[in-house]
Structure formats: C-alpha cells, structure tokens
1. Select from region 54-106 the residues that are of a type in the set (Gly, Ala, Ser) and surrounded by fewer than 15 Cβ atoms within 10 Å (Cβ to Cβ) and list them in ascending order.
2. Which ones in region 270-291 are in contact (Cβ under 8 Å) with a residue 60 or more places away in the chain, in a helix (DSSP H, G or I) and in contact with a helix residue (DSSP H, G or I) (Cβ under 9 Å, 6 or more places away or on another chain)?
3. Could you grab me the full set of residues in region 184-207 that are modelled with pLDDT of 90 or more and either more than 26 Å from Ala306 (Cβ to Cβ) or among the polar types (S, T, N, Q) (or both)?
4. Identify, by number, the condition in (1) assigned to a loop (DSSP other than H, G, I, E, B); (2) closer than 16 Å to Val299 by Cβ that Ser127 doesn't meet.
5. Can you report the number of residues in region 243-269 which are outside any helix (DSSP H, G or I) and either basic (Lys, Arg) or surrounded by fewer than 21 Cβ atoms within 10 Å (Cβ to Cβ) (or both)?
6. For region 161-180, which positions are surrounded by fewer than 20 Cβ atoms within 10 Å (Cβ to Cβ) and free of Cβ contacts under 8 Å to residues at least 60 places away in the same chain?
7. What number of residues in region 132-167 are under 15 Å from the mean Cα position of the chain (by Cα) and either part of a helix (DSSP H, G or I) or among the acidic types (Asp, Glu) (or both)?
8. Of the residues that make up region 135-143, is at least one among the hydrophobic types (A, V, I, L, M, F, W, C), in contact (Cβ under 8 Å) with a residue 60 or more places away in the chain, farther than 16 Å from Val349 by Cβ and surrounded by 24 or more Cβ atoms within 10 Å (Cβ to Cβ)?
Amino acid sequence: MAGSTPVRAKAPAPGGASAENPAAGRPAAGSPVVGGAAHKAPSTVGSRQRGGSGRAYVLTLALLGVLLLLCLLSAGLGAYDIPLGDVLASVRHRVGLGGQALDQVGESVLWNVRLPRVALALLVGSSLGCAGALMQGVFGNPLAEPGVIGISSGAAVGAVGAISLGATFLGNWTVTACAFAAGLATVLLVYVMARSGGRTEVVTLILTGIAVNAFAGALIGLFIFFADNAQITQIAFWQLGSLAQATWPKVLAVLPCAATGLLIAPFFARKLDLLALGERPARHLGVEVERLRMILILVVALLTAAAVAVAGIITFVGLLVPHLLRMANGPGHRFLVPGSALGGGLVLVAGDLAARTAAQPAELPLGVLTALFGSPFFFWLLRRTRRRQGGWA
C-alpha cells in the first residue's frame, strides 16, 4: 500500500524455525493450530487419535463380551443352579431358534426370577454409570456423582414418606412412583434455587445440593421417628438398595426412562468435550453452556430417579465407573458416556450376582456391597490425586 512502512523480516528468535532447524517453532502435539497452519502439526497427533479410537473400540468390545458372559452366568447361578447350556437352550427355545424348554421349576426360576433381575441390573447400572459420566462432565469435576444435586436423597424422601405414611394409592407401585416423582422434584428445586440472573454456576449448584441433601436427611429422620417397627424395617431395606423385588413389570417401568436418557446422552459428547476447556472457551466455540447444563441435569435426573425408585440407594457406581474408563482411555466423552453405561451395567450385574451367592441362602444388600468396595477405591483416588497435585493447598 502507498504510504505504508516496509516491514523487515525479523531474524528468527533463538530456537525458532530456520533452515538449519526446520522442526523448531512448530506447535506441540495436541496444541491448537490456527488457520492454514494445520498442515504443520506433527503427524503424531493423527496417529494418537487413531490409537485412541482403536483402544476405545477394543475396550467397547471387551465390555460387551464380559457383560454378555456375566449376564449368562448370573442367569444360571444361585440357590437353584441352571447349567449355562440349559440357559442358552431355553433362550433359543423362547425366541424360536431351536433349543428346548427346561423343566417347570427351571423355566419358572429362569424367566420369572433370574432374567428380570439381570435385566433390571443392566438398566439400573447403565443409568447410574451414564449419569455419573454426565455429572462429571457438566460440573467439570471428576469427583461429582448424581447424588451431589440431591436426586438420591430426594427419591429417598419420597419412598420413606410413602412407607411411613402407609400410602397405597397406587398399590404396589406407590413407593416406586413417590420415589421417582420426589427425585425429579428435588432436582428441579435445586436448579431453580441455584439459578440467579438467568444463569446457574457450578459452585452454587453444588452448595444448593448440599443444603437440600441435609434437609432431605432431616425429613427422612422425621419420617422414621413416626414409623412403626414394620415400616422401619421396610425403610431400612429400601435404603440399603437391592434388586430382590425385580419383576418384568418393574423392568418395563424403568425401560422408557433409561432408554430415553441413554439414547440422548451420547449426542452431547462433543459439547461436553468443549465444556471441559472451560465455560468461556466453550461459549466462544458455540456451546450454549446454560442450555447444555439444564438439559443434561434433566437427563441425569431422569436416569437416576428411575434407577433409585426401583432399586433403592446404590452408591459409587456413578462415581467409580467413569473414573476407571477415564484412566483406561482418557477423558474423551465420545467413548466415556456410552462406555460408562456399559461399565455400570457390568458392575451392577456382577454386584447382584455376588449379593445373591456370597452368603447363600441369605442375600446381601446390593447398596452395601457397592459401598464396601467403592469406598476404598474412592479413598485411593483421593490420595492419588493429592499426590499428583502436590497437596491440596
């Protein structure tokens, strides 16, 4: 341009790119590249991405294979053992692919007792695992889990209240329906209370959830105080978590909520990856953070409330499963969200099998087992994080 000052080429800074050192000055692997400089990024980035995709593929196949094997074992093992071959033969007979039916007792145990438990464990575990991955992505905190915003405690208030008041307006479904409705209502209450100026902040959500959890605990204690001995026993059994009352109607009741949440969640994986960069960068990249947070909290509420309503309070599944998968394949949500659903189902099927067989003929509460094994892992995780960060201060 006329009148412009000519610009002299500056000498390369020490360590910069030059004819003698053409590799220097290039962006590091994995660093963002602007505009047309994308061809200068090292080829190792693509190879790492391909390696990560391959590892995710292998992990997915491994999870599916182990889950299928555990489902077959869980269907056959118990107080009344059914050989694996007979389980497969009965399933083939039912779906019209040959095979043969078992005796009357075997058919009844397999199709009316075992398989409903396996199916319910799959749905509940998948819902809790997926909800945990979503919560950790939304809050940007690997220690977040669905109970942080009061879903579990709210559902417990609904169930305990229905039991202590002797409510029977929906027959055998009264406790389940009250737990589900109270869990959803609690989440909406937390979200509304935490919202200010058209926005919700993560810290405010967490603190509001803590306050609501404390209030819910007080209500549960009040209901227990006015309950009789039989009701207290029923409340205690429900709070410990179990799949002992699994039936096909309960499976069908949970299925719509679980299927809706599990199908919606993977579509938000890319936005969760962008949100991991921080709220401000995510907004610059086109993510409507507030809308994303609201939708995913509702999905988490749907998944968790449905799971807690039919199985009681089962802890640590939503916390530990995403952690293990993140350690195995990294923080990318394209694998983490569906992988956590598979891993949660696997953990709960295995946990239910252990609960039924570890102390035969008695049955251990499933929630106690998950807490018994989950608590030491959580403590180890805290120690590991603290050691890597060089302390909390």
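The values are calculated or read from the model by the stated rules, or taken from the named source; none is laboratory data. Nothing here was measured: the structure is a model prediction, and the numbers come from that model. We place every Cβ from the backbone using ideal geometry, glycine too, and count neighbours over all the protein chains shown.
1. Step one: list which residues in region 54-106 are of a type in the set (Gly, Ala, Ser), which gives 54, 56, 62, 65, 74-76, 78-79, 85, 89-90, 96, 98-99, 101, 106.
Gly54, Ala62, Gly65, Ala79, Gly85, Gly96, Gly98, Ala101 - these are the residues of region 54-106 that are of a type in the set (Gly, Ala, Ser) and surrounded by fewer than 15 Cβ atoms within 10 Å (Cβ to Cβ).
2. Scanning region 270-291 gives Arg270, Leu272, Asp273, Leu275.
3. Thr186
4. (1)
5. Narrowing region 243-269 to residues outside any helix (DSSP H, G or I): 243-247.
With the extra rule that they be either basic (Lys, Arg) or surrounded by fewer than 21 Cβ atoms within 10 Å (Cβ to Cβ) (or both), the set shrinks to 244-245, 247.
Qualifying residue count, region 243-269: 3.
6. Answer for region 161-180, where residues must be surrounded by fewer than 20 Cβ atoms within 10 Å (Cβ to Cβ) and free of Cβ contacts under 8 Å to residues at least 60 places away in the same chain: Leu165, Ala167, Thr168, Phe169, Leu170, Gly171, Asn172, Thr174.
7. 15
8. Let us first name the residues in region 135-143 that are among the hydrophobic types (A, V, I, L, M, F, W, C), namely 135, 138-139, 143.
Right, trim to in contact (Cβ under 8 Å) with a residue 60 or more places away in the chain and you get 135, 138-139, 143.
From the residues that got through so far, the ones that are farther than 16 Å from Val349 by Cβ too are 135, 138-139, 143.
Adding the requirement that they be surrounded by 24 or more Cβ atoms within 10 Å (Cβ to Cβ) leaves 135, 138.
Yes, that holds for at least one residue.
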